[in-house]
Structure formats: C-alpha cells, structure tokens
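K.L.:
Provided herewith is a single structure, encoded as structure tokens, for subsequent inquiry.
The values are calculated or read from the model by the stated rules, or taken from the named source; none is laboratory data. Computed from a prediction, not measured in an experiment: that's the story for all the values here. FYI the Cβ positions are ideal-geometry reconstructions off the backbone, even for glycines, and counts take in every protein chain you see.
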Amino acid sequence: MEKVIIIGSGPAGFTAALYAARAGLAPVVFEGFMSGGMPGGQLMTTTEVENFPGFPGGGISGPDLMAKFRAQAQEFGATCHQEDVDSVDFSPPAFKVKADSHELEAHVLIVATGATARRMHVPSEEKLWSRGMSACAVCDGALPVFRDQPLVVIGGGDSAVEESTFLTKFASKVYLVHRRDELRASKIMQQRAQENSKLEIVWNSVLVDAEGDSMVSGATIRNVVTDEISSIACAGIFYAIGHDPNTGFLDGALATDEQGYIVVKPGRTHTSVDGVFACGDVVDKLYRQAITAAGTGCAAALDAERWLTEKGIE
C-alpha cells in the first residue's frame, strides 16, 4: 500500500512529488505517456522558458526545466513511472490505480494531469510547432523572435482577445483571426480589442495552414463567406481556441465544472472525494502558468501530508 500516488507530471505533479518525498511519503508518480500529451506536460513542447524564476541569461528550455523538476523529486525518493493511468477505483478502503503495467493502491491521490491546448492540426503544424506556433501567448509572446514582428492569433473568446492584447505590447501588429462576424468575448473585452490600434480583427476567416520552412513566416487564411484564400505575413501564430482538462480516466468520479475542470475547495486542493487532491492546470483555467502550477503542486502535497496525519496514517 502506497501512501501517496501522484497522477500526472509537469510543474504541478513534480512539485507535489518533491514536497511529498521530502516529507518521507515516498510518492509514486505516474507521469503519463501519451494521454494528454507527453510526460512533463505542455512545457515539453516549449523551446525557451524565460519567465520561470531562477534562470536569468536567456531562461531554460522547457524539456530541460522538466528534467530538473523530475530529477530533484527523485533525489528525495519519488518513484516515477512513465506510463498512463487507465482507471482509478475509488471504492474504500484504498484508491486502486490501474496503469499500463502497474496496479497499485494508495491512501491518497494527487491528480495533476493538466489540460491539453486544442490544436487545429493544419498541415504544417507538426513541423512548425514551437517554431513560431504556440498555444500560450503569455508563455512565449515576449520571446525575441516575436518582438516588433506581425503576429496572428486564432480565436474569438475572452482568452483570444486577452492574448491578442498582451501580444500588442511586443508585436508590430497583431491579427486576430475569427471564423464569425462578431466576437464571442465579453463586451468589455470586445471594446478593448476595437480600441487597440495595433490589433486588427480578421472576420469570417479560418486558418488553412502555417507558412514557412524552419520558422513561421506567414499564415494562409480562408474567408468562410467568399472562400477567398489570402496570406498574412507574420512571425508567429498563436492558438487561443481553448483547453481540454485531462480527466477522462476518472470516469466522472470527481466533481468538475461545466468545462470539465476538477472543482476544489476555495483556497485549498481538496476535491469532492476525501483523500483526493488536485493541482495544476487540471484545476486552473485562468492562469495556466508553470509557476502557478508548481505552487498548487506544493499545496496539494502539504494538504495530503496533513490529511494522512489527521487520519493517523504513518
């Protein structure tokens, strides 16, 4: 019987593992393998991370940062399995976790499976992802390659307008490409977009493909009304079309909101099931940053440790 099993990796999962390991809880981490993206979370597809504290002089690559997170957790006794969890049996007296090649039981579960950014799967996406294509303007928008360059954002909701507005701080111009003739964003966000001189909305249009060989050099756009194909010269294409929380394996056992994000007690990491805690992007649909995910991972481990103490589990 394990004391703590952590499902998911990334900043939240590995930080939870680090704190739990230092508390002598010998956590077992199921990092994932294919479900919801590769082990290590979304930072594994990020080239340079310049906004995580402690790495001046150009930052650190996403994979290198996650490798450090993982190694530090293992140094203190965390066990990591690079495989997906297929299902969890929440029947008492213990949580039964079934993965690809392991079936374990634990007193406590910490869910840190994150959320997957929706993609459009245009033909050149695989080649140019992280080479000018991204799903996080806040993470990548300030990189030197995008400064004083025209950029394209795909979407029409609050997040799309917010990220477009953010990018205008660095870009020479931002094109917000939206498939309808009006934004889905709130009125105040629409007003901000329309009043921003560096932001141009491209109505009734969808992305057909990204242009470029080794880096993005343009976006091919199709007008859905006229069917006309056009090209926008740009150095970056940012998706802002939403995220999907990675909770399918839970089969509805934990309370979620209407978008599928796990609901936790305000200011805590406790879920609707006693002994189950959640952290990172599987909970957070607002900030979705590595540093905030790491913070909630810390909180989840501390909450788990206190729960075990209260239950008298040594």
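K.L.:
Which is basic (Lys, Arg) and either closer than 30 Å to Arg306 by Cα or assigned by TED's automatic domain parsing to the domain that holds Phe90 (or both), of Arg180, Arg222, Arg268?
P.N.:
Just one listed residue meets the conditions, Arg268.
K.L.:
Here are some residues: Ala193, Ala219. Which one is buried (at least 17 other Cβ atoms within 10 Å of the Cβ), of a type outside the set (Phe, Trp, Tyr) and assigned to a strand (DSSP E or B)?
P.N.:
Unique residue meeting the criteria: Ala219.
K.L.:
Could you tell me whether Gly141 is without any contact (Cβ under 8 Å) to a residue 40 or more places away in the chain, of a type outside the set (Lys, Arg) and surrounded by 18 or more Cβ atoms within 10 Å (Cβ to Cβ)?
P.N.:
No.
K.L.:
Let me ask you something else. Looking only at segment 279-307, count every residue that is in contact with a Leu (Cβ under 7 Å, 6 or more places away or on another chain) and not acidic (Asp, Glu) and tell me the total.
P.N.:
1
K.L.:
Taking the residues in segment 220-253 that are among the hydrophobic types (A, V, I, L, M, F, W, C) and under 20 Å from the mean Cα position of the chain (by Cα) as candidates, determine which candidate is nearest to Phe90 (Cα to Cα).
P.N.:
Among those residues, the one meeting the criterion is Leu250.
K.L.:
Shifting gears a bit: Against the conditions (1) at pLDDT 95 or above; (2) buried (at least 20 other Cβ atoms within 10 Å of the Cβ); (3) of a type in the set (Val, Ile, Thr), where does Thr168 fall short? Just the number, please.
P.N.:
Going through the list (1) at pLDDT 95 or above; (2) buried (at least 20 other Cβ atoms within 10 Å of the Cβ); (3) of a type in the set (Val, Ile, Thr), Thr168 breaks only (2).
K.L.:
How about segment 83-99: which of its residues are under 23 Å from the mean Cα position of the chain (by Cα) and surrounded by fewer than 16 Cβ atoms within 10 Å (Cβ to Cβ)?
P.N.:
Matches in segment 83-99: Asp86, Ser87.
K.L.:
Could we say that Arg70 is touching a helix residue (DSSP H, G or I) at 6+ places or on another chain (Cβ under 9 Å), at pLDDT 95 or above, charged (D, E, K, R) and under 30 Å from Ala137 (Cα atoms) here?
P.N.:
yes
K.L.:
To continue, here is another question. Anything in segment 167-190 that is within 22 Å of Val145 (Cα to Cα) and part of a helix (DSSP H, G or I)? List them, or say none.
P.N.:
Scanning segment 167-190 gives a single hit, Leu167.
Okay, residues lined up against (1) in contact with a Phe, Trp or Tyr (Cβ under 7 Å, 6 or more places away or on another chain); (2) at negative phi:
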site	(1), (2)
Pro53	no, yes
Gly58	no, no
Pro63	no, yes
Ala99	yes, yes
Ser130	no, no
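K.L.:
Out of segment 176-190, which residues are in contact (Cβ under 8 Å) with a residue 40 or more places away in the chain and surrounded by 22 or more Cβ atoms within 10 Å (Cβ to Cβ)?
P.N.:
Result: Val177, single match.
K.L.:
Given (1) in contact (Cβ under 8 Å) with a residue 40 or more places away in the chain; (2) assigned to a strand (DSSP E or B), identify the lone condition not met by Ile201.
P.N.:
Among (1) in contact (Cβ under 8 Å) with a residue 40 or more places away in the chain; (2) assigned to a strand (DSSP E or B), Ile201 violates only (1).
K.L.:
For Phe249, only one of the following conditions fails: (1) hydrophobic (A, V, I, L, M, F, W, C); (2) surrounded by 18 or more Cβ atoms within 10 Å (Cβ to Cβ); (3) over 24 Å from Gly8 (Cα atoms). What is its number?
P.N.:
(3)
K.L.:
Does Leu207 fit the bill of being at pLDDT 95 or above and not assigned by TED's automatic domain parsing to the domain that holds Gly58?
P.N.:
It is true that Leu207 is at pLDDT 95 or above and not assigned by TED's automatic domain parsing to the domain that holds Gly58.
The rows are residues; the columns are (1) surrounded by 17 or more Cβ atoms within 10 Å (Cβ to Cβ); (2) assigned to a helix (DSSP H, G or I); (3) more than 18 Å from the chain's Cα centre (by Cα).
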residue	(1), (2), (3)
Pro266	no, no, yes
Asp274	no, no, yes
Asp281	yes, yes, no
Thr292	yes, yes, no
Gly297	yes, yes, no
Trp307	yes, yes, yes
